[in-house]
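Colleague: This is the structure I want to talk about, given as C-alpha coordinates.
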Amino acid sequence: MARPRPPELMRQQNRAVILAAIREHGPISRAELARQLDLNPATVTRITRALLDEGVIVETGEGESRGAGRKPVLLSFNHRARLVIGIQECRGRITGAVADLAGTILSRRTHLSTPAPMERKLQLLLDDLLSVDPSYRPRLTAICVGVLDDDGSLPAMPSMPDVPIMTANVAELATRAEARWGAAQEYHKFAVLYLGATSHACVYIDGEICVGGLGLGRDGRPLAMRLCDDGLIAAALAGLESGRPSALRAVTGGRELSRGMIFEAARQGDPVAWDAVKMMADDIAFAVCWFYNALSLDCVLLDGPWGGASDVLVPLVNDRVREVCADSSAIVPAGLGDEAPLLGAIDAAVEVAGATV
(Lines give C-alpha, C1' and ligand atoms only; values in the text may rest on other atoms or scores of the structure.)
Protein backbone atom coordinates (compact mmCIF):
# COMPACT_ATOMS: atom_id res chain seq x y z
CA MET A 1 0.00 0.00 0.00
CA ALA A 2 1.42 3.41 -0.99
CA ARG A 3 2.26 5.77 1.81
CA PRO A 4 0.25 9.01 1.89
CA ARG A 5 2.25 12.04 0.83
CA PRO A 6 2.90 14.67 3.52
CA PRO A 7 0.70 17.75 3.07
CA GLU A 8 3.68 20.05 2.45
CA LEU A 9 5.07 17.79 -0.25
CA MET A 10 1.64 17.64 -1.91
CA ARG A 11 1.40 21.42 -1.79
CA GLN A 12 4.82 21.84 -3.40
CA GLN A 13 4.00 19.33 -6.13
CA ASN A 14 0.64 20.94 -6.84
CA ARG A 15 2.30 24.36 -6.96
CA ALA A 16 4.90 23.09 -9.42
CA VAL A 17 2.40 21.49 -11.80
CA ILE A 18 0.07 24.50 -11.70
CA LEU A 19 2.91 26.91 -12.40
CA ALA A 20 4.22 24.71 -15.22
CA ALA A 21 0.74 24.55 -16.78
CA ILE A 22 0.32 28.33 -16.61
CA ARG A 23 3.76 28.84 -18.11
CA GLU A 24 3.09 26.42 -20.96
CA HIS A 25 -0.60 26.99 -21.67
CA GLY A 26 -1.39 30.46 -20.35
CA PRO A 27 -3.39 32.59 -20.51
CA ILE A 28 -5.58 30.01 -18.78
CA SER A 29 -8.43 30.13 -16.27
CA ARG A 30 -8.48 28.55 -12.82
CA ALA A 31 -11.34 26.27 -13.86
CA GLU A 32 -9.39 25.04 -16.88
CA LEU A 33 -6.34 24.41 -14.70
CA ALA A 34 -8.42 22.33 -12.31
CA ARG A 35 -9.89 20.37 -15.22
CA GLN A 36 -6.58 19.73 -17.03
CA LEU A 37 -4.66 18.82 -13.86
CA ASP A 38 -7.51 16.94 -12.17
CA LEU A 39 -7.17 19.09 -9.05
CA ASN A 40 -9.76 20.39 -6.62
CA PRO A 41 -10.84 23.92 -7.70
CA ALA A 42 -10.27 25.14 -4.14
CA THR A 43 -6.68 23.88 -4.29
CA VAL A 44 -6.10 25.70 -7.57
CA THR A 45 -7.60 28.91 -6.17
CA ARG A 46 -5.45 28.76 -3.03
CA ILE A 47 -2.20 28.11 -4.89
CA THR A 48 -2.82 30.66 -7.65
CA ARG A 49 -3.62 33.30 -5.00
CA ALA A 50 -0.20 32.67 -3.46
CA LEU A 51 1.48 32.83 -6.87
CA LEU A 52 -0.26 36.13 -7.57
CA ASP A 53 0.93 37.52 -4.24
CA GLU A 54 4.50 36.49 -5.15
CA GLY A 55 4.19 38.20 -8.55
CA VAL A 56 5.08 34.98 -10.35
CA ILE A 57 1.81 35.02 -12.28
CA VAL A 58 -0.52 37.84 -13.30
CA GLU A 59 -4.16 38.19 -14.26
CA THR A 60 -4.45 39.04 -17.95
CA GLY A 61 -8.02 39.74 -18.96
CA GLU A 62 -11.05 37.51 -19.26
CA GLY A 63 -11.83 34.38 -21.22
CA GLU A 64 -15.01 33.22 -22.85
CA SER A 65 -17.82 32.13 -20.54
CA ARG A 66 -19.17 28.61 -21.08
CA GLY A 67 -22.59 29.58 -19.85
CA ALA A 68 -24.52 32.52 -18.49
CA GLY A 69 -22.10 33.09 -15.64
CA ARG A 70 -19.20 35.48 -15.29
CA LYS A 71 -16.32 35.33 -17.70
CA PRO A 72 -13.32 33.53 -16.18
CA VAL A 73 -10.23 35.53 -15.27
CA LEU A 74 -7.18 34.34 -17.19
CA LEU A 75 -3.77 33.76 -15.63
CA SER A 76 -0.37 34.14 -17.32
CA PHE A 77 3.18 33.47 -16.25
CA ASN A 78 5.05 36.67 -15.37
CA HIS A 79 8.40 36.33 -17.14
CA ARG A 80 9.56 39.59 -15.54
CA ALA A 81 9.12 38.24 -12.00
CA ARG A 82 12.66 36.89 -12.06
CA LEU A 83 15.70 38.06 -14.01
CA VAL A 84 18.99 36.50 -15.08
CA ILE A 85 22.34 37.73 -16.36
CA GLY A 86 24.43 36.17 -19.12
CA ILE A 87 28.08 37.15 -19.63
CA GLN A 88 30.72 36.37 -22.24
CA GLU A 89 34.23 37.61 -23.01
CA CYS A 90 35.03 37.77 -26.73
CA ARG A 91 37.50 39.61 -28.98
CA GLY A 92 38.84 41.96 -26.34
CA ARG A 93 35.44 42.80 -24.86
CA ILE A 94 33.36 41.48 -21.98
CA THR A 95 29.61 41.75 -22.49
CA GLY A 96 26.74 41.13 -20.13
CA ALA A 97 22.98 41.27 -20.52
CA VAL A 98 20.04 41.29 -18.14
CA ALA A 99 17.13 39.18 -19.40
CA ASP A 100 13.76 37.95 -18.19
CA LEU A 101 12.66 34.31 -18.00
CA ALA A 102 11.51 34.40 -21.63
CA GLY A 103 15.10 35.21 -22.63
CA THR A 104 14.17 38.77 -23.63
CA ILE A 105 17.13 41.10 -23.12
CA LEU A 106 16.22 44.13 -21.02
CA SER A 107 19.63 45.83 -21.01
CA ARG A 108 23.23 45.08 -21.89
CA ARG A 109 26.65 46.54 -21.26
CA THR A 110 30.04 45.97 -22.91
CA HIS A 111 33.41 46.76 -21.32
CA LEU A 112 36.79 46.62 -22.99
CA SER A 113 38.73 43.70 -21.57
CA THR A 114 41.65 44.72 -19.35
CA PRO A 115 44.55 42.84 -17.72
CA ALA A 116 42.63 42.97 -14.41
CA PRO A 117 41.70 39.63 -12.75
CA MET A 118 38.52 38.08 -14.14
CA GLU A 119 36.78 38.43 -10.77
CA ARG A 120 37.35 42.20 -10.87
CA LYS A 121 36.17 42.51 -14.49
CA LEU A 122 33.02 40.54 -13.75
CA GLN A 123 32.24 42.57 -10.65
CA LEU A 124 32.55 45.88 -12.52
CA LEU A 125 30.30 44.59 -15.29
CA LEU A 126 27.70 43.28 -12.83
CA ASP A 127 27.69 46.59 -10.96
CA ASP A 128 27.15 48.42 -14.25
CA LEU A 129 24.31 46.13 -15.32
CA LEU A 130 22.51 46.29 -11.99
CA SER A 131 22.78 50.09 -11.82
CA VAL A 132 20.49 50.42 -14.87
CA ASP A 133 17.36 49.77 -12.81
CA PRO A 134 17.07 49.46 -9.00
CA SER A 135 14.47 46.70 -9.43
CA TYR A 136 16.93 44.38 -11.17
CA ARG A 137 18.85 43.29 -8.07
CA PRO A 138 15.88 42.00 -6.01
CA ARG A 139 14.64 39.96 -9.00
CA LEU A 140 18.03 38.56 -10.01
CA THR A 141 17.94 34.77 -9.74
CA ALA A 142 20.88 33.31 -11.69
CA ILE A 143 24.06 34.34 -13.53
CA CYS A 144 25.93 32.35 -16.18
CA VAL A 145 29.43 33.22 -17.43
CA GLY A 146 30.82 31.75 -20.64
CA VAL A 147 34.45 30.63 -20.39
CA LEU A 148 36.91 29.27 -22.93
CA ASP A 149 38.00 26.57 -20.49
CA ASP A 150 41.14 25.97 -22.54
CA ASP A 151 43.27 24.84 -19.59
CA GLY A 152 40.61 23.30 -17.39
CA SER A 153 40.69 26.19 -14.92
CA LEU A 154 37.75 28.41 -14.03
CA PRO A 155 37.92 32.11 -13.25
CA ALA A 156 37.29 33.37 -9.74
CA MET A 157 33.73 34.55 -9.37
CA PRO A 158 32.56 37.68 -7.54
CA SER A 159 30.40 37.23 -4.46
CA MET A 160 26.66 37.54 -5.05
CA PRO A 161 24.75 36.39 -1.95
CA ASP A 162 21.69 34.27 -2.74
CA VAL A 163 22.38 34.32 -6.50
CA PRO A 164 24.08 31.28 -8.04
CA ILE A 165 26.89 32.12 -10.47
CA MET A 166 27.77 29.31 -12.83
CA THR A 167 30.23 28.92 -15.66
CA ALA A 168 29.91 26.99 -18.90
CA ASN A 169 32.07 26.37 -21.93
CA VAL A 170 31.36 28.93 -24.66
CA ALA A 171 30.96 26.16 -27.24
CA GLU A 172 28.20 24.56 -25.17
CA LEU A 173 26.51 27.93 -24.75
CA ALA A 174 26.71 28.68 -28.47
CA THR A 175 25.13 25.29 -29.17
CA ARG A 176 22.29 26.05 -26.75
CA ALA A 177 21.62 29.36 -28.46
CA GLU A 178 21.70 27.92 -31.99
CA ALA A 179 19.19 25.25 -30.93
CA ARG A 180 16.78 27.78 -29.45
CA TRP A 181 17.15 30.86 -31.63
CA GLY A 182 19.66 30.16 -34.39
CA ALA A 183 20.34 28.03 -37.45
CA ALA A 184 19.50 24.70 -35.74
CA GLN A 185 15.99 25.47 -34.48
CA GLU A 186 14.45 22.84 -36.74
CA TYR A 187 16.94 20.08 -35.91
CA HIS A 188 16.95 17.43 -33.19
CA LYS A 189 20.43 16.05 -33.88
CA PHE A 190 23.27 18.31 -34.90
CA ALA A 191 26.88 19.16 -34.16
CA VAL A 192 28.67 22.46 -33.75
CA LEU A 193 32.34 22.89 -34.62
CA TYR A 194 33.37 25.85 -32.48
CA LEU A 195 36.72 26.99 -33.87
CA GLY A 196 38.98 29.78 -32.64
CA ALA A 197 41.85 30.22 -30.21
CA THR A 198 40.78 26.89 -28.76
CA SER A 199 38.44 24.56 -30.62
CA HIS A 200 35.69 22.21 -29.49
CA ALA A 201 32.92 20.07 -30.92
CA CYS A 202 29.46 19.94 -29.41
CA VAL A 203 26.88 17.29 -30.19
CA TYR A 204 23.22 18.13 -29.57
CA ILE A 205 20.76 15.23 -29.47
CA ASP A 206 17.18 15.88 -28.37
CA GLY A 207 18.13 18.63 -25.95
CA GLU A 208 21.23 16.96 -24.51
CA ILE A 209 24.60 18.60 -25.23
CA CYS A 210 27.97 16.89 -25.06
CA VAL A 211 31.14 18.98 -25.37
CA GLY A 212 34.36 17.37 -26.53
CA GLY A 213 37.24 17.48 -28.96
CA LEU A 214 37.20 17.34 -32.73
CA GLY A 215 38.51 13.80 -32.90
CA LEU A 216 41.64 12.58 -34.65
CA GLY A 217 42.89 13.46 -38.11
CA ARG A 218 44.22 11.12 -40.74
CA ASP A 219 47.64 11.21 -39.07
CA GLY A 220 46.22 10.13 -35.71
CA ARG A 221 46.81 13.53 -34.07
CA PRO A 222 43.99 15.55 -32.46
CA LEU A 223 42.38 17.83 -35.03
CA ALA A 224 41.97 20.55 -32.41
CA MET A 225 45.76 21.04 -32.49
CA ARG A 226 45.51 22.19 -36.13
CA LEU A 227 41.98 23.56 -36.35
CA CYS A 228 42.70 26.57 -34.16
CA ASP A 229 44.30 29.97 -34.56
CA ASP A 230 47.78 28.63 -33.84
CA GLY A 231 47.36 25.86 -36.40
CA LEU A 232 46.18 28.28 -39.09
CA ILE A 233 49.05 30.67 -38.37
CA ALA A 234 51.58 27.82 -38.41
CA ALA A 235 50.32 26.73 -41.84
CA ALA A 236 50.63 30.27 -43.19
CA LEU A 237 54.12 30.70 -41.71
CA ALA A 238 55.24 27.45 -43.33
CA GLY A 239 54.08 28.83 -46.66
CA LEU A 240 56.00 32.06 -46.12
CA GLU A 241 59.14 30.18 -45.13
CA SER A 242 59.03 28.30 -48.43
CA GLY A 243 59.76 31.59 -50.16
CA ARG A 244 56.50 31.74 -52.10
CA PRO A 245 55.28 35.24 -52.98
CA SER A 246 52.61 36.50 -50.60
CA ALA A 247 51.05 39.79 -49.62
CA LEU A 248 51.14 38.55 -46.01
CA ARG A 249 54.75 39.73 -45.75
CA ALA A 250 53.67 43.27 -46.47
CA VAL A 251 50.47 43.05 -44.44
CA THR A 252 52.21 42.08 -41.23
CA GLY A 253 54.64 45.00 -41.36
CA GLY A 254 56.78 43.33 -38.74
CA ARG A 255 53.75 42.31 -36.65
CA GLU A 256 52.72 38.76 -35.92
CA LEU A 257 50.23 37.07 -38.19
CA SER A 258 46.64 36.83 -37.00
CA ARG A 259 43.60 34.79 -37.92
CA GLY A 260 41.92 37.84 -39.42
CA MET A 261 44.92 38.70 -41.62
CA ILE A 262 45.05 35.21 -43.09
CA PHE A 263 41.34 34.90 -43.82
CA GLU A 264 41.27 38.37 -45.42
CA ALA A 265 44.33 37.59 -47.55
CA ALA A 266 42.64 34.36 -48.66
CA ARG A 267 39.60 36.36 -49.75
CA GLN A 268 41.94 38.46 -51.92
CA GLY A 269 43.39 35.33 -53.53
CA ASP A 270 46.78 35.36 -51.79
CA PRO A 271 48.35 31.94 -52.61
CA VAL A 272 49.98 31.33 -49.21
CA ALA A 273 46.87 32.34 -47.26
CA TRP A 274 44.63 30.39 -49.64
CA ASP A 275 46.64 27.20 -49.24
CA ALA A 276 46.65 27.57 -45.44
CA VAL A 277 42.88 27.99 -45.42
CA LYS A 278 42.44 25.02 -47.78
CA MET A 279 44.44 22.87 -45.35
CA MET A 280 42.07 23.88 -42.56
CA ALA A 281 39.03 23.22 -44.77
CA ASP A 282 40.32 19.73 -45.56
CA ASP A 283 40.59 18.91 -41.86
CA ILE A 284 37.15 20.38 -41.16
CA ALA A 285 35.70 18.24 -43.96
CA PHE A 286 37.27 15.15 -42.40
CA ALA A 287 35.61 15.98 -39.08
CA VAL A 288 32.26 16.73 -40.76
CA CYS A 289 32.22 13.37 -42.54
CA TRP A 290 33.06 11.56 -39.30
CA PHE A 291 30.28 13.27 -37.35
CA TYR A 292 27.67 12.61 -40.04
CA ASN A 293 28.60 8.99 -40.55
CA ALA A 294 29.02 8.13 -36.86
CA LEU A 295 25.95 9.93 -35.52
CA SER A 296 23.54 10.31 -38.47
CA LEU A 297 23.17 14.02 -37.78
CA ASP A 298 20.73 16.44 -39.36
CA CYS A 299 23.24 19.27 -39.60
CA VAL A 300 26.78 20.45 -38.74
CA LEU A 301 27.31 24.14 -37.95
CA LEU A 302 30.51 26.18 -38.24
CA ASP A 303 30.62 28.49 -35.22
CA GLY A 304 33.01 30.42 -33.01
CA PRO A 305 35.49 33.09 -34.15
CA TRP A 306 36.14 31.18 -37.38
CA GLY A 307 32.45 31.52 -38.16
CA GLY A 308 33.24 35.03 -39.35
CA ALA A 309 35.13 33.42 -42.25
CA SER A 310 32.23 31.18 -43.28
CA ASP A 311 32.19 32.84 -46.69
CA VAL A 312 35.66 31.41 -47.31
CA LEU A 313 35.56 28.16 -45.35
CA VAL A 314 32.07 26.78 -45.98
CA PRO A 315 32.34 26.45 -49.80
CA LEU A 316 35.79 24.85 -49.52
CA VAL A 317 34.61 22.40 -46.84
CA ASN A 318 31.50 21.42 -48.75
CA ASP A 319 33.44 20.84 -51.97
CA ARG A 320 35.80 18.55 -50.09
CA VAL A 321 32.95 16.75 -48.29
CA ARG A 322 31.28 15.96 -51.61
CA GLU A 323 34.55 14.54 -52.94
CA VAL A 324 35.21 12.13 -50.10
CA CYS A 325 31.84 11.49 -48.50
CA ALA A 326 29.11 11.76 -51.11
CA ASP A 327 26.25 10.73 -48.82
CA SER A 328 26.95 13.43 -46.22
CA SER A 329 25.15 16.74 -46.00
CA ALA A 330 26.97 20.06 -46.00
CA ILE A 331 28.32 22.17 -43.19
CA VAL A 332 26.41 25.44 -42.77
CA PRO A 333 27.25 28.74 -41.06
CA ALA A 334 25.89 29.26 -37.56
CA GLY A 335 23.12 31.80 -37.38
CA LEU A 336 23.97 33.95 -34.35
CA GLY A 337 27.63 34.85 -34.82
CA ASP A 338 29.44 36.42 -31.89
CA GLU A 339 26.16 36.72 -29.98
CA ALA A 340 25.71 32.96 -29.61
CA PRO A 341 27.62 32.39 -26.32
CA LEU A 342 25.93 35.39 -24.67
CA LEU A 343 22.48 34.17 -25.69
CA GLY A 344 23.39 30.66 -24.59
CA ALA A 345 24.48 31.98 -21.18
CA ILE A 346 21.09 33.66 -20.83
CA ASP A 347 19.33 30.43 -21.78
CA ALA A 348 21.36 28.41 -19.26
CA ALA A 349 20.65 30.93 -16.50
CA VAL A 350 16.92 30.91 -17.36
CA GLU A 351 16.88 27.13 -16.99
CA VAL A 352 18.31 27.40 -13.48
CA ALA A 353 16.07 30.32 -12.53
CA GLY A 354 12.95 28.63 -13.87
CA ALA A 355 13.57 25.61 -11.66
CA THR A 356 13.66 27.80 -8.55
CA VAL A 357 10.51 29.87 -9.16
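The values are calculated or read from the model by the stated rules, or taken from the named source; none is laboratory data. Just so we're clear, the structure is a prediction, and the values are computed from it rather than from any experiment. Don't worry about glycine lacking a Cβ; one is built from the backbone with ideal geometry, like all the others, and counts go over all protein chains shown.
Colleague: Within the group V84, V132, which residue is out of contact with any Phe, Trp or Tyr (no Cβ under 6 Å at 6 or more places or on another chain) and under 18 Å from V350 (Cα atoms)? Lay out the reasoning, then the answer.
Modeller: Numbers: V132 fails: under 18 Å from V350 (Cα atoms).
None of the others qualify; the one that does is V84.
Colleague: Right, here's the next one. Only residues that are closer than 18 Å to R218 by Cβ and surrounded by fewer than 22 Cβ atoms within 10 Å (Cβ to Cβ): list them for the range 292-318, please. Explain how you work it out, then say what you get.
Modeller: Filtering the range 292-318 down to residues closer than 18 Å to R218 by Cβ leaves 292-294, 316-317.
Across the range 292-318, the qualifying residues are Y292, N293, A294, L316.
Colleague: Still on this structure, please answer the following. Of everything in the range 313-334 that's acidic (D, E) and part of a helix (DSSP H, G or I), which residue is modelled with the lowest pLDDT? Walk me through how you get there before you give the answer.
Modeller: Within the range 313-334, the subset acidic (D, E) is 319, 323, 327.
Filter once more, keeping what is part of a helix (DSSP H, G or I): 319, 323.
Numbers: D319: 92, E323: 85.
Step by step, filter the range 313-334, then rank; the result is E323.
Colleague: How many residues are aliphatic (A, V, I, L, M), touching a residue at least 40 places away in the same chain (Cβ under 8 Å) and part of a helix (DSSP H, G or I) if we restrict to the range 164-179? Can you show your working first?
Modeller: Step one: filter the range 164-179 for residues aliphatic (A, V, I, L, M), giving 165-166, 168, 170-171, 173-174, 177, 179.
Filter once more, so that each one left must be touching a residue at least 40 places away in the same chain (Cβ under 8 Å): 166, 168, 170-171, 173-174, 177.
Still in the list and also part of a helix (DSSP H, G or I): 170-171, 173-174, 177.
Looking only at that region, the number is 5.
Colleague: In the range 173-191, how many residues are surrounded by 24 or more Cβ atoms within 10 Å (Cβ to Cβ) and under 11 Å from the mean Cα position of the chain (by Cα)?
Modeller: Going through the range 173-191, the residues surrounded by 24 or more Cβ atoms within 10 Å (Cβ to Cβ) turn out to be 173-178, 184, 191.
Right, trim to under 11 Å from the mean Cα position of the chain (by Cα) and you get 173-178.
Looking only at that region, the number is 6.
Colleague: On to the next question. Suppose we filter the range 286-341 for residues that are of a type in the set (A, V, I, L, M) and within 16 Å of Y187 (Cα to Cα); how many remain? Before the answer, list the steps.
Modeller: Just the residues of the range 286-341 that are of a type in the set (A, V, I, L, M), to begin with: 287-288, 294-295, 297, 300-302, 309, 312-314, 316-317, 321, 324, 326, 330-332, 334, 336, 340.
When the remaining residues are screened for being within 16 Å of Y187 (Cα to Cα), the result is 295, 297, 300-302, 330-332, 334, 336.
Qualifying residue count, the range 286-341: 10.
Colleague: Among the residues in the range 74-81, are any closer than 30 Å to L173 by Cα, more than 20 Å from the chain's Cα centre (by Cα), touching a residue at least 24 places away in the same chain (Cβ under 8 Å) and loosely packed, with under 13 Cβ neighbours inside 10 Å? Before you say what the answer is, go through the steps one by one.
Modeller: Pass one, the range 74-81, residues closer than 30 Å to L173 by Cα: 76-81.
Add one more test, that the residue is more than 20 Å from the chain's Cα centre (by Cα), and what stays is 76-78, 80-81.
So of that shortlist, the ones also touching a residue at least 24 places away in the same chain (Cβ under 8 Å) come out as 76-77, 80-81.
Subset that is loosely packed, with under 13 Cβ neighbours inside 10 Å: none.
No - not one qualifying residue is present in the range 74-81.
Colleague: Looking at the range 77-120 only, could you name the residues that are over 24 Å from A355 (Cβ atoms) and assigned to a loop (DSSP other than H, G, I, E, B)?
Modeller: If the condition is that a residue be over 24 Å from A355 (Cβ atoms) and assigned to a loop (DSSP other than H, G, I, E, B), then R91, G92, S113, T114, P115, A116, P117 are the ones that fit.
Colleague: Taking the condition touching an Asp or Glu at 6+ places or on another chain (Cβ under 6 Å), surrounded by fewer than 23 Cβ atoms within 10 Å (Cβ to Cβ) and among the charged types (D, E, K, R), does R267 pass? Break it down stepwise before answering.
Modeller: Details: touching an Asp or Glu at 6+ places or on another chain (Cβ under 6 Å): no; surrounded by fewer than 23 Cβ atoms within 10 Å (Cβ to Cβ): yes; among the charged types (D, E, K, R): yes.
Considered against the rule, which asks whether it is touching an Asp or Glu at 6+ places or on another chain (Cβ under 6 Å), surrounded by fewer than 23 Cβ atoms within 10 Å (Cβ to Cβ) and among the charged types (D, E, K, R), R267 comes out as no.
Colleague: So which of D303, D319 ends up being among the acidic types (D, E) and closer than 15 Å to L195 by Cβ?
Modeller: Details: D319 fails: closer than 15 Å to L195 by Cβ.
None of the others qualify; the one that does is D303.
Colleague: Now for a different question. Considering only the range 121-142, I want to know if a residue exists there that is within 18 Å of the chain's Cα centre (by Cα), surrounded by 15 or more Cβ atoms within 10 Å (Cβ to Cβ), not basic (K, R) and not in a helix (DSSP H, G or I).
Modeller: If we filter the range 121-142 for residues that are within 18 Å of the chain's Cα centre (by Cα), which is where we start, we get 142.
Add one more test, that the residue is surrounded by 15 or more Cβ atoms within 10 Å (Cβ to Cβ), and what stays is 142.
With the extra rule that they be not basic (K, R), the set shrinks to 142.
Still in the running and not in a helix (DSSP H, G or I): 142.
For the range 121-142, residues within 18 Å of the chain's Cα centre (by Cα), surrounded by 15 or more Cβ atoms within 10 Å (Cβ to Cβ), not basic (K, R) and not in a helix (DSSP H, G or I): present.
Colleague: Could you run through the range 26-59 and say how many residues are loosely packed, with under 15 Cβ neighbours inside 10 Å and in a strand (DSSP E or B)?
Modeller: Total meeting the criteria: 1.
Colleague: Considering (1) of a type in the set (A, V, I, L, M, F, W, C); (2) free of Cβ contacts under 8 Å to residues at least 12 places away in the same chain; (3) not in a helix (DSSP H, G or I), say which one A355 fails and leave the rest.
Modeller: Going through (1) of a type in the set (A, V, I, L, M, F, W, C); (2) free of Cβ contacts under 8 Å to residues at least 12 places away in the same chain; (3) not in a helix (DSSP H, G or I) one by one, A355 breaks only (3).
Colleague: Filter the range 164-196 down to the residues that are in contact with a Leu (Cβ under 7 Å, 6 or more places away or on another chain) and farther than 23 Å from V84 by Cβ and list them by number.
Modeller: A183, K189, F190, A191, L193, L195
Colleague: Can you confirm whether the range 85-99 contains a residue that is in contact (Cβ under 8 Å) with a residue 40 or more places away in the chain, out of contact with any Cys (no Cβ under 6 Å at 6 or more places or on another chain), among the hydroxyl-bearing types (S, T, Y) and buried (at least 18 other Cβ atoms within 10 Å of the Cβ)?
Modeller: Yes, that holds for at least one residue.
Colleague: May I pose another question? Consider only pairs whose beta carbons are under 6 Å apart and that are at least six residues apart or on different chains; among these, list those whose first residue lies in the range 136-149 and is in contact (Cβ under 8 Å) with a residue 40 or more places away in the chain and whose second residue is outside any strand (DSSP E or B) and among the charged types (D, E, K, R).
Modeller: R139/R82; T141/R82
Colleague: Now, a different point. If you check R46, R35, R82, R23, which single one turns out to be modelled with pLDDT of 90 or more, closer than 21 Å to P164 by Cβ and not hydroxyl-bearing (S, T, Y)?
Modeller: Working: R46 fails: closer than 21 Å to P164 by Cβ; R35 fails: closer than 21 Å to P164 by Cβ; R23 fails: modelled with pLDDT of 90 or more.
Testing whether each residue is modelled with pLDDT of 90 or more, closer than 21 Å to P164 by Cβ and not hydroxyl-bearing (S, T, Y) leaves just R82.
Colleague: Within the range 238-259, which residues are closer than 14 Å to M280 by Cα and either aromatic (F, W, Y) or touching a Leu at 6+ places or on another chain (Cβ under 7 Å) (or both)? Can you show your working first?
Modeller: Within the range 238-259, the first condition is being closer than 14 Å to M280 by Cα, and the residues that meet it are 238-239, 259.
Correct list: R259 only.
Colleague: Could I ask something else about it? Exactly one of (1) surrounded by 13 or more Cβ atoms within 10 Å (Cβ to Cβ); (2) more than 21 Å from the chain's Cα centre (by Cα); (3) in a loop (DSSP other than H, G, I, E, B) is unmet by R70. Its number?
Modeller: Checking R70 against (1) surrounded by 13 or more Cβ atoms within 10 Å (Cβ to Cβ); (2) more than 21 Å from the chain's Cα centre (by Cα); (3) in a loop (DSSP other than H, G, I, E, B), the one that fails is (1).
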